[in-house]
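Visitor: Submitted below is the structure of interest, expressed as structure tokens.
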Amino acid sequence: MNLVELAEKVYWVGVVDWNLRDFHGYETRRGTTYNAYLVVDAKTALVDTVKYPFKTSLADNIRRVTSLENLDYVIVNHVEMDHSSSLSYIMQHAKNATIVTSRRGKAGLVKYYGENEWNFQIVKTGDELSLGNRTLRFVEAPMLHWPDSMFTYLQEDKILMPNDAFGQHLATSQRFDDEVDQAVLMDEAAKYYANILMPFASLIIRKIEELPKLNINPRIIAPSHGVIWRSHPSKIVNAYLEWSKGKTSNKAVIVYDTMWGSTQKMAMAICDAIAEKGIEVHVYQMRRSDFAEILKEILEAKAVIVGSPTVNGSMFQTISAFLRYVTGLKPKGKIWAVFGSYGWGGGAVRAMTEHLKTAGFEVLEPGLQVQYAPTLEELGKCRELGEKIVNQIQA
Ligand code: FEO
């Protein structure tokens, strides 16, 4: 791959992981990249490393510019292993390098990789590091998305390296936003936000508002995953603001599972009633679907309707896992409803309702349940539920 320059003597030295399909449970159908950047000046700084299996590729990319022994600084914006697990390998060669990280970053690195003979420089928001003609500035970004997270800003070139923020799990041969299909790019950016950053919406808004006050107005946003926003950095910043403020469209998502088809029939009747009113609706059978993909659709949906048959007096196992996942991600401002079928005692609808209410979500009550298989009359009740949801979406 050609050496990629973001600005004069600012290089992308990361790697493309074409074959990643599971990122700690997040289904990554389009792979990912681990981006690292090399800034060459009187002093040379490497910003972040890559996932361990790619350590020699990172080293080879750096060596196309300079030797590892010439590294003066290794900036660690985030200790999660996809960005730091090559650090030990790099530091074996970069004997003179100082690791620059946040206080929590150092604590995380010591816990993961043990006490080493590494030199650390702890930085906090507003601190600067001169490389000669150019300056790195640091902004702590706790919980975006780990406590140690930090942004690095290359002041003179106006390049913001915010690590995980503004990323996408997208493996491509292109490195820049203007080189890829925009629909695919925003699809992956939305999926990434929904599955990784959504719980921290209020912190995101505050951090985005803080940057101009620190005189950080990036011309380029270079995240640690996916393509670099060089032509339209405001596109992803505005999208993050909208998502964080709970922007929704007139869209419903139905997530269900089924044992013998009864809950599925209910799901289809609800779907038909919503679609017939001209509202976009997406339907997922949970055990055939990706969590990450569903969360991406939920991000901008106004209504989420969850269906489960009763198993052992409670929810079907895939729906239980889904509800734990989705409530942990704290999507804002949705209309929630539940439905399901049962054989004798019931329990799924009650368990789903209780789970959602305990997590602080408002649920339409009572949930809709039918015994064994839905009759025509009961399918009519399902349609009524769909129409009620449409009314709420349009209210
Ligand atoms: Fe890309 Fe939080 O790691």
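Read-outs throughout are calculated quantities, based only on the coordinates presented, and are distinct from any laboratory measurement. Everything numeric here is computed off the predicted structure, so don't read it as measured data. Don't worry about glycine lacking a Cβ; one is built from the backbone with ideal geometry, like all the others, and counts go over all protein chains shown.
Visitor: Can you tell me the length gained on complete extension of the stretch Glu387 to Asp127, counting 0.36 nm per residue apart and subtracting the Cα distance? All intermediate terms of the calculation are to be shown ahead of the outcome.
Guide: On the way: separation 260, 0.36 × 260 = 93.60 nm, distance 5.58 nm.
Result for the pair: 88.0 nm of gain on full extension.
Visitor: Note down the nm distance, to one decimal, between modelled labels 7 Å out along Cα→Cβ at Ser67 and at Gln285.
Guide: 6.1
Visitor: Compute, for the range 252-394, the length of the dipole vector about the Cα centre, with Cβ point charges of +1 (Lys, Arg) and -1 (Asp, Glu) only. Units Debye, rounded to 20.
Guide: On the way: 15 positive and 15 negative charges, 67 e Å.
The calculated dipole for the range 252-394 is roughly 320 debye.
Visitor: While we're on this one: Please compute the Kirkwood hydrodynamic radius of the range 1-132 from all pairs of different C-alpha atoms, in Å with one decimal.
Guide: Values: mean 1/r = 0.0659 Å⁻¹.
After inverting the pairwise mean of 1/r, the radius is 15.2 Å.
Visitor: With a 10 Å Cβ neighbour count serving as the proxy for reagent exposure, in which order, fewest first, do His145, His225, His93 appear?
Guide: Values: His145 19, His225 27, His93 15.
Result, fewest neighbours first: His93, His145, His225.
Visitor: May I pose another question? What residues of the range 271-290 lie in the reach of a label at Ala373, counting those whose backbone N is under 19 Å from a point 7 Å from the Cα along Cα→Cβ?
Guide: Within reach of a label on Ala373, which here means backbone N under 19 Å from a point 7 Å along Cα→Cβ, the range 271-290 contributes nothing.
Visitor: For a quick protection proxy, order the peptides 43-56, 312-325 by their average other-Cβ count within 10 Å, most packed first. If you can, show how the numbers build up before the last one.
Guide: Details: 43-56: 21.4, 312-325: 18.4.
Top of the packing list down: 43-56, 312-325.
Visitor: Using the Karplus equation 6.51 cos²θ - 1.76 cosθ + 1.60 (θ = phi - 60°), what ³J(HN,Hα) coupling, rounded to whole Hz, does each residue of the range 97-109 give in order, writing x for Gly and Pro?
Guide: Ordered by residue, 3J(HN,Hα) equals 7, 9, 8, 10, 7, 6, 4, 6, x, 4, 4, x, 5 Hz.
Visitor: So, one more: Tell me, what is the percent relative contact order of the range 104-206, built from C-alpha pairs under 8 Å that lie six or more residues apart? Please report the intermediate quantities before stating the final value.
Guide: Numbers: 110 pairs, mean separation 18.5, N = 103.
Relative contact order here is 18 percent.
Visitor: Measure out, as a whole number of angstrom, how far apart the alpha-carbon centroids of the range 1-51 and the range 70-84 sit.
Guide: Taking the Cα centre of each part, the range 1-51 and the range 70-84 sit 12 Å apart.
Visitor: Normalised radius of gyration for the range 132-201, please: alpha carbon Rg relative to 2.2 N^0.38 Å, two decimal places. Could you put the intermediate results ahead of the total?
Guide: Working: Rg = 14.0 Å, N = 70, 2.2 N^0.38 = 11.1 Å.
Its radius of gyration relative to the 2.2 N^0.38 Å reference: 1.27.
Visitor: Oh, and also: Determine one quarter of the surface area of the Cα convex hull of the range 73-224, which equals its mean projected area, and express it in nm² to one decimal. Spell out each step's value before the answer.
Guide: On the way: hull surface 38.7 nm².
The number I arrive at for the range 73-224 is 9.7 nm².
Visitor: Extension gain Thr135-Arg324, at 0.36 nm per residue separation less the Cα-Cα distance, in nm? Walk me through the numbers before you get to the answer.
Guide: On the way: separation 189, 0.36 × 189 = 68.04 nm, distance 4.39 nm.
Taking Thr135 through Arg324 to full extension adds about 63.6 nm, to one decimal.
Visitor: In whole Hz, what ³J(HN,Hα) sequence does the range 75-81 give by Karplus (6.51, -1.76, 1.60; θ = phi - 60°), x for Gly and Pro?
Guide: Running phi through 6.51 cos²θ - 1.76 cosθ + 1.60 with θ = phi - 60° gives 8, 10, 6, 6, 8, 4, 5 Hz.
Visitor: Take every Cα pair under 8 Å in the range 170-288 that's 6+ residues apart, average their separations, divide by the length, and report that relative contact order as a whole percent. List each step's numbers first, then the result.
Guide: Details: 106 pairs, mean separation 30.1, N = 119.
Over the range 170-288, the number comes to 25 percent.
Visitor: Report, by chain and number, residues whose modeled amide H sits under 5 Å from the one on Asn77, excluding near sequence neighbours (fewer than 5 apart, same chain).
Guide: Result for Asn77 returns Asp48.
Visitor: Could you check how many percent of all C-alpha pairs in the chain are farther apart than 36 Å? Could the numbers behind the result be given before it?
Guide: Numbers: 25724 of 77815 pairs.
So the pairs more than 36 Å apart make up 33 percent of the total in the chain.
Visitor: What are the semi-axes of the equivalent ellipsoid of the range 29-94, taken as the square roots of 5 times the eigenvalues of the Cα gyration tensor, listed largest first and rounded to whole Å? Can you show the working numbers first?
Guide: Values: eigenvalues 75, 28, 26 Å².
Sorted largest first and rounded, they come to 19, 12, 11 Å.
Visitor: Hey, another quick one. Between the range 360-376 and the range 141-170, what is the separation of their alpha carbon centroids in Å?
Guide: Distance between centres, Cα-based: 44 Å.
Visitor: In this model, which of Lys265/Lys334; Lys191/Lys334; Lys330/Lys388; Lys106/Lys207; Lys124/Lys213 are farther than 19 Å apart at the alpha-carbon? It would help to have the intermediate numbers written out before the result.
Guide: Numbers: Lys265/Lys334 24 Å; Lys191/Lys334 17 Å; Lys330/Lys388 24 Å; Lys106/Lys207 22 Å; Lys124/Lys213 16 Å.
Result: Lys265/Lys334; Lys330/Lys388; Lys106/Lys207 exceed 19 Å.
Visitor: So if I take the centroid of the Cα atoms in the range 223-268 and the same for the range 105-140, what is the distance between those two points in Å?
Guide: Between the Cα centres of the range 223-268 and the range 105-140 lies a distance of 35 Å.
Visitor: How far, in nm, would the chain grow between Asn250 and Ala359 when pulled straight, counting 0.36 nm per residue and subtracting the alpha carbon separation? List each step's numbers first, then the result.
Guide: Working: separation 109, 0.36 × 109 = 39.24 nm, distance 2.37 nm.
Extra length available between Asn250 and Ala359 comes to 36.9 nm.
Visitor: Under the definition of Cα pairs under 8 Å and six or more residues apart, what whole-number percent is the relative contact order of the chain? Let's see the in-between values first.
Guide: Working: 842 pairs, mean separation 46.1, N = 395.
Normalised by residue count, the contact order of the chain is 12 percent.
Visitor: Regarding the range 153-239, what is the average projected area of its C-alpha convex hull, in nm²?
Guide: Values: hull surface 21.2 nm².
Mean projected area of the Cα convex hull: 5.3 nm².
Visitor: A further question on this structure: Between helix 233-244 and the chain, what is the angle of the helix's C-alpha long axis to the longest principal axis, kept within 0 to 90° and rounded to the nearest 10?
Guide: 40
Visitor: Right, another one. Would you please give the FRET efficiency between Gln394 and Asp181, computed as 1/(1 + (r/R0)^6) with r the Cβ-Cβ distance and R0 = 41 Å, to the nearest 0.05? All intermediate terms of the calculation are to be shown ahead of the outcome.
Guide: On the way: r = 32 Å, r/R0 = 0.78.
After rounding to 0.05, the efficiency reads 0.80.
Visitor: Ok, one more. In whole Å, what are the Cα extents of the range 184-230 along the three principal axes, biggest one first?
Guide: 31, 26, 15
Visitor: Also: Taking the range 252-394 as the region of interest, what is the percent of Cα-Cα pairs per 10 angstrom bin, listed from the shortest bin to the one with the maximum distance?
Guide: Bin by bin from 0 Å, the calculated values are 13, 49, 35, 4.
Visitor: Based on DSSP H runs of at least 4 residues, each adding -39500 (n - 2.57), what is the mean residue ellipticity at 222 nm of the chain after dividing by all its residues, to the nearest 500 deg cm²/dmol? Write out the running numbers ahead of the final one.
Guide: Numbers: 12 runs with 134 residues, N = 395.
Rounded to the nearest 500, it is -10500 deg cm²/dmol.
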